[in-house]
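For reference, the structure is listed below as structure tokens.
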């Protein structure tokens, strides 16, 4: 599964370089979730998951970008959020996904928590080359 | 330093503060400082945080809320989180963040009544 296949359309891109961008990113995801017809709980889960990812991107990845895509591989439709940075990468992705694991100012529930809040979750990271997380919520 | 974004109202021994729709990191940290000062000044026994408007609590905001509750407890006050939206509650539970040690109430009214109760 790649996030750049022909079956997805990029809706919006939000650069993540300042703390204000974290809010901008949240608002963009909320608006997209609303536009795609997600219910309140689904919206909240997706926005919260995105919030975890953009915070990681900002705090650990030195900033990056959030991209919102609409996925249309029949028969499913969904909303996909891609958060990418070119930071130091994650040495041990499995450990990073475990609850309680933290190298920053959080509770260590961010990455693993984000995975539980969405339908599909993909983490790609190479030490020294950055991290990309792709989350998908099916809307139909 | 005051945090005009989150006014803190005093009702006898109770401090009530309504958190804004967006809990950005800076606002929450300023608020924590201001609240600890006010608890110290007023000797408040209870702090009711109205989170009715808060649409998203991620793990960072959850940590801040837990720290605020811990800080208040050290100052002799208890914190009640009032009015959490059901969508936020479901999301926090799935994140694995049940906010241990933080008291909650359905609404500010419930929080105040509980305090006045037997």
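Read-outs: derived from the displayed coordinates by stated rules, not from any lab. Note that the structure is predicted; figures quoted are calculated from it, not measured. Backbone-built Cβ (ideal geometry, glycine too); neighbour counts: all protein chains shown.
So the values come out like this:
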| read-out | value |
| --- | --- |
| Length gained when the stretch residue A:17-residue A:140 is fully extended (0.36 nm per residue, less Cα-Cα span) | 41.0 nm |
| All-pairs alpha carbon distance profile, region B:8-116, 10 Å steps from 0, percent | 15, 52, 30, 3 |
| Cα→Cβ-extended label distance, 7 Å offset, between residue A:10 and residue A:31, nm | 1.7 |
| Equivalent ellipsoid semi-axes, region A:8-138, via Cα gyration tensor eigenvalues times 5, rooted, Å | 23, 15, 14 |
| Calculated FRET efficiency for the pair residue B:43/residue A:95, C-beta based, R₀ 35 Å, to 0.05 | 0.20 |
| Amide N proximity, region B:57-82 versus residue B:110 label position 7 Å along Cα-to-Cβ, cut-off under 17 Å | B:79-82 |
